[in-house]
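The values are calculated or read from the model by the stated rules, or taken from the named source; none is laboratory data. What you see is a predicted model; the values in this text were computed from it and never measured. A quick note on method: Cβ atoms are made from the backbone with ideal geometry, for glycine too, and the neighbour counts reach across all protein chains shown. Please note that ligands, DNA and RNA were not included when accessible areas were found on the heavy atoms of the full protein model with its side chains. Shrake-Rupley method; radii C 1.70, N 1.55, O 1.52, S 1.80 Å.
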Amino acid sequence: MTITIHGSPKSTCTGRVLLTLYEKEVQDFELVEIDLSKGEHKSPEFLKHQPFGQIPYVVKGELELYESRAIARSVAEWFPNQGTSLYGTTAHEKALVEQWLEVEAQNYNPPISTIVFHLVFAPMFGLTADEAVVAAQTAKLESVLDIYEKRLSETKYLAGDFFSLADLSHITYSFYLIKIAQKGAIYDSRPHVKAWIDSLFARPSTQKWLKLAGFAQ
Amino acid sequence: MAVKVYGIPLSTATRNAMATLYEKGVEFELVTVNMKEGAHKRPEHLKLNPFGKVPVYQDEDVTLFESRAINRYISTKYEGQGTPLFGKTPSEKALVEQWIEVEGQNYYPAMSPLNYQLFFKKMFSGEGPDEAIVATNVQKLNAVLDIYEARLAESKYLAGDFFSLADLSHYAQTEYFMKHSGKSDLITSRPHVASWWEDISNRSSWQKTITYGSS
């Protein structure tokens with residue numbers, strides 16, 4: 001059954017879903033582009049599908065789903081026997097994946113998404129970055145990265161010695177901060193974090209997303 | 001080995017974990033972390049949760065932090081008993097996941113700063129609210145609650161006509177908001193949201209959670 005994603009290839013959250021589909025080697029999906037610059041995501045028609053006016057949302061048969069992390073979890077569940085295992089192989093491993101996926105959602109995402117908004121998106125809309133906010137959120141992100149540095153000195157990836165949905169969830173915003181906003185110094189200074197994020201960017205699925213988004217290096 | 005929850009009965013995230021355990025009929029021991037004395041920031045607790053927060057869940061297989069992850073784990077491990085918290089079909093589960101994320105990404109970021117500014121801040125530091133933060137988040141929360149009002153006009157609970165982990169995830173912040181923020185009218189003025197809250201907050205799991213420790 002075709003999965004239709006309504007989103008934008010450059011978008012961090014649409015990217016999260018695309019990366020999951022690539023990792024699970026799902027062929028049967030299509031991307032319907034939503035033009036953010038035209039405010040399409042705030043149109044009454046769009047809001048019928050995603051009432052928060054955010055991308056992406058997906059359609060699979062009669063099911064419509066939004067929130068990229070919920071979509072990603074569902075994709076992992078719908079295709080358990082193909083592609084990369086995104087939840088490890090045991091119940092214990094799955095629990096740790098969920099833990100670090102929540103760490104991303106609740107600890108990593110708030111500061112990084114704010115910084116990226118100010119440094120990358122605000123200028124695109126003719127707004128000025130609030131330097132004080134960027135500084136405060138960068139300090140918060142650095143405290144999170146300190147914890148990641150310690151964790152990643154113990155295990156190769158966040159949930160253990162296996163790549164999982166928890167790591168994947170970090171890729172798109174991290175790419176924006178490090179490669180587009182050019183603020184990678186806070187990663188470079190933490191050797192295990194640096195090795196980890198480099199390995200995530202090097203994954204074939206990431207390269208596929210970068211190509212689709214027009215960011216291929 | 002029994003289930004242990006490290007936390008305190010007043011902590012919002014600890015309460016959500018307790019409610020999940022009650023819904024699934026799982027016995028647990030609440031191990032008090034002396035947060036007043038800063039125990040959650042010291043090495044013994046940081047070994048359990050390097051972010052220095054509560055709750056931490058521990059059973060014979062795993063030690064976990066982040067209450068939403070803990071609650072998903074409990075809901076899955078004890079699938080065969082208590083309330084089904086992920087619905088009955090894969091599509092229902094997907095919608096539960098969607099609304100858990102809506103809570104985590106839209107509801108909580110608007111409501112928790114309000115609870116902090118209007119209640120917890122004074123309790124911890126004696127300081128009054130930052131009115132600018134309050135105003136911004138009241139606006140955000142109103143927009144979110146309009147969406148909830150429309151949703152709950154179509155279905156009894158968030159993910160469908162069944163109570164789930166998605167509804168449960170709203171317990172602890174909403175409880176404080178209703179009782180201590182002075183802004184409960186944001187909920188009570190929206191009939192479907194109000195009756196949803198009335199329904200879920202009267203479940204025995206929530207009542208047990210908020211009366212924990214009282215005789």
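If you check B:HIS180, B:HIS170 for being within 14 Å of B:TRP197 (Cα to Cα), modelled with pLDDT of 95 or more and of a type outside the set (S, T, N, Q), only one passes: B:HIS170. Of the residues making up the stretch B:6-57, those that are surrounded by fewer than 20 Cβ atoms within 10 Å (Cβ to Cβ) and part of a strand (DSSP E or B) number 5.
Restricted to the stretch A:114-152, and to residues there that are at the interface with another protein chain (Cβ under 10 Å from one of its Cβ atoms) and not charged (D, E, K, R), the residue that is most open to solvent (accessible area, probe 1.4 Å) is A:SER143.
Only strands (runs of 3 or more DSSP E) whose full extent lies in the stretch A:1-84 are considered here, and the ones with at least 3 residues that are within 13 Å of chain B (Cβ to nearest Cβ) and in contact with a Phe, Trp or Tyr (Cβ under 7 Å, 6 or more places away or on another chain) are A:63-66.
All conditions in (1) more than 8 Å from every other protein chain (Cβ to nearest Cβ); (2) on the phi > 0 side of the Ramachandran plot hold for B:GLU66, with the sole exception of (1).
Which one of these is open to solvent by less than 40 Å² (accessible area, probe 1.4 Å), modelled with pLDDT of 95 or more and not in a strand (DSSP E or B): B:GLU103, B:GLU92?
Checking each option against the conditions leaves just B:GLU103.
If you check A:TRP78 against the conditions, is it at pLDDT 95 or above, touching a helix residue (DSSP H, G or I) at 6+ places or on another chain (Cβ under 8 Å) and open to solvent by 10 Å² or more (accessible area, probe 1.4 Å)? Reasoning before the result, please.
On the way: at pLDDT 95 or above: yes; touching a helix residue (DSSP H, G or I) at 6+ places or on another chain (Cβ under 8 Å): yes; open to solvent by 10 Å² or more (accessible area, probe 1.4 Å): yes.
Taking the combined requirement at face value, the residue satisfies it.
Restricting the stretch B:69-78 to residues that are of a type in the set (Ser, Thr, Tyr) and either facing chain A (nearest Cβ under 8 Å) or not in a loop (DSSP other than H, G, I, E, B) (or both) leaves a set whose member that is least open to solvent (accessible area, probe 1.4 Å) is B:SER75. Taking the stretch B:176-211 as the range and being over 18 Å from B:THR12 (Cα atoms) and part of a helix (DSSP H, G or I) as the test, the residues that pass are B:ASP185, B:LEU186, B:ILE187, B:THR188, B:PRO191, B:HIS192, B:VAL193, B:ALA194, B:SER195, B:TRP196, B:GLU198, B:ASP199. Any residue that is in a loop (DSSP other than H, G, I, E, B), touching a helix residue (DSSP H, G or I) at 6+ places or on another chain (Cβ under 9 Å), of a type in the set (A, V, I, L, M) and closer than 26 Å to B:THR89 by Cβ - is there at least one of those in the stretch B:136-157? So far as the stretch B:136-157 goes, no, none of its residues is in a loop (DSSP other than H, G, I, E, B), touching a helix residue (DSSP H, G or I) at 6+ places or on another chain (Cβ under 9 Å), of a type in the set (A, V, I, L, M) and closer than 26 Å to B:THR89 by Cβ.
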